[in-house]
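Read the structure below first, then the notes.
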Ligand code: PGA
């Protein structure tokens, strides 16, 4: 299986720095044998798209509005992301669910808008520390899947335990595998046969040291990488780990 490694650059970097990082990544991943997507802040989308043009790297936004256009000051439509060079968009990231009170319903509307505009959504789900301690992690993730995905979902899912994002703490490998198995079953139940082919990424403190162990787990189709995606050498090491597995060393 060819893994997908997506970099979530969050609210980091100005256009020049972003274009330089994109060029460094692009030079390192040429012909690597894994899929790579970079999600810069919206202001840097066009310069990053130009920097990696023709290099086989996908570009993504970090959010879009549910409406195609209108009086929504400060928001960006899916078509505007496409126009700036994006083919992908991260939706429902826990930081947006937290900072902008995004509900599953809102995320689903955005997914529909993104798909209508020809973007591939990367939809994030994941439990908080309290929910996990309370033994509610699968219940929470299950409801997020039911609420956030339309029946004709054609994107990618990312399982990101909120407590693992930016903390250096990961679940046990067995726990990641169990959650991904659970998510696959939920996708099949919700989407029918189409649920079988949806890649499920893991996200939350992925780095060059743990990438290989995470990426070889069954049902882990790749990684959504935050902090480590801001350093070309680290992101490339993760991409190389993915490529090594995609070229025959992996489980599924
Ligand atoms: P992290 O972020 O890799 O810095 O934990 C992941 C994410 O938020 O997508």
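Being on the phi < 0 side of the Ramachandran plot and touching a residue at least 60 places away in the same chain (Cβ under 8 Å) is the requirement here; does residue 72 meet it?
Answer is no for this residue.
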- Go over the candidates 16, 54, 28 one by one and state the one that is more than 27 Å from residue 98 (Cα to Cα), assigned to a loop (DSSP other than H, G, I, E, B) and out of contact with any strand residue (DSSP E or B) (no Cβ under 9 Å at 6 or more places or on another chain). 54
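None of the figures in this text is laboratory data; all of them are computed from the coordinates on show. Source: prediction; values computed, not measured. In this analysis, Cβ positions are derived from the backbone assuming ideal geometry, glycine residues included, and neighbour counts consider all displayed protein chains.
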